[in-house]
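Visitor: Take a look at the following structure, please.
The values are calculated or read from the model by the stated rules, or taken from the named source; none is laboratory data. Note that the structure is a prediction, hence the values are computed from the model and not measured. As a convention, Cβ positions derive from the backbone with ideal geometry for all residues, glycine included, and neighbour counts pool all protein chains shown. When the accessible area is computed, the model is the full protein with side chains, heavy atoms only, and any ligands, DNA or RNA have been set aside. Shrake-Rupley method; radii C 1.70, N 1.55, O 1.52, S 1.80 Å.
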Amino acid sequence: MRGRTSAPLAAYREDRRLFLVTVAAAATSIAALLLHLAGAIRMPYTLTFVTLPGTIFLMALLILARRVNRPVTIRRLQVGAIAGVLGLVAYNATRWVVAELLALPNSPFYSIYIFGSLITVQAPDTTAAIVAGWLYHVSNGVTFAIMYTLVAGPARWWFGLLWGLALETAMLVVYPSSAILRPPALACFVVVSLISHAVYGAVIGLVSQRYARLRSAP
């Protein structure tokens with residue numbers, strides 16, 4: 001039983017509907033930005049009507065998982081949140097260090113300020129935009145980790161590395177083609193972003209591999 005509950009897709013097998021709904025709720029964070037870039041709904045509205053309800057729903061799903069006794073889902077949600085926080089710390093530290101080593105002319109966190117500007121409809125250097133941007137950055141980092149742990153669980157850590165590189169690939173598809181998010185120094189941006197996403201993925205992979213496994217069979 002323990003081996004089955006620790007398999008990568010154990011949360012899916014435990015409760016398919018709960019798994020799919022939980023992954024969808026976690027995806028509402030990045031959906032806010034994608035819908036804005038697609039020209040469908042502006043970020044102030046997507047955050048209000050997509051991301052915020054999705055976040056509340058995600059917490060409600062954790063409560064539901066406890067009530068209906070879904071230990072695999074509960075464990076992976078908890079570990080995903082912790083992994084996301086630790087991954088973000090490593091990601092931001094790596095981004096800053098690499099940017100300093102390369103002597104980048106722009107802040108390595110410029111895209112976070114752009115997020116805040118899109119959310120608040122204020123200049124990127126305003127306090128409101130900076131705070132909003134960082135909060136949204138944290139939301140994305142945690143929910144990406146939750147999606148990973150729900151799917152992969154205690155898989156080998158390098159699956160997390162692959163997840164980080166997949167996120168980097170998606171960013172390289174979206175950012176250069178966007179007039180809003182296009183980086184001022186593309187080559188340096190790719191180097192900083194690639195290394196930091198690799199570190200982020202490796203961290204959440206290591207945390208998930210170590211702690212997403214159930215200690216005893218339910």
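Visitor: I need a count of the residues in the stretch 108-129 that are without any contact (Cβ under 8 Å) to a residue 60 or more places away in the chain, surrounded by fewer than 19 Cβ atoms within 10 Å (Cβ to Cβ) and of a type in the set (Val, Ile, Thr).
Guide: 2
Visitor: So, one more: Report yes if some residue within the stretch 1-21 is small (Gly, Ala, Ser), closer than 22 Å to Ala170 by Cα and crowded, with 17+ Cβ neighbours inside 10 Å; otherwise report no.
Guide: Going through the stretch 1-21, the residues small (Gly, Ala, Ser) turn out to be 3, 6-7, 10-11.
Of the ones still in play, those that are also closer than 22 Å to Ala170 by Cα are none.
Checking the stretch 1-21: not a single residue is small (Gly, Ala, Ser), closer than 22 Å to Ala170 by Cα and crowded, with 17+ Cβ neighbours inside 10 Å.
Visitor: Looking only at the stretch 59-89, how many residues end up being under 15 Å from Arg17 (Cβ atoms), among the small types (Gly, Ala, Ser) and surrounded by fewer than 22 Cβ atoms within 10 Å (Cβ to Cβ)?
Guide: The qualifying residues number 1.
Visitor: Only one of these conditions is not met by Pro105: (1) open to solvent by less than 30 Å² (accessible area, probe 1.4 Å); (2) closer than 22 Å to Val190 by Cα; (3) touching a residue at least 60 places away in the same chain (Cβ under 8 Å). Which number is it?
Guide: (1)
Visitor: A further question on this structure: Go through (1) touching a helix residue (DSSP H, G or I) at 6+ places or on another chain (Cβ under 6 Å); (2) under 16 Å from Ala145 (Cα atoms) for His36 and report which single condition fails.
Guide: (2)
Visitor: Please name all residue pairs, on different chains or six or more residues apart, with Cβ atoms under 7 Å, provided the first residue is in the stretch 155-175 and is without any contact (Cβ under 8 Å) to a residue 24 or more places away in the chain and the second residue is of a type outside the set (Asp, Glu) and part of a helix (DSSP H, G or I).
Guide: Listed by first residue and then by second, the contacts come to Leu172/Val190.
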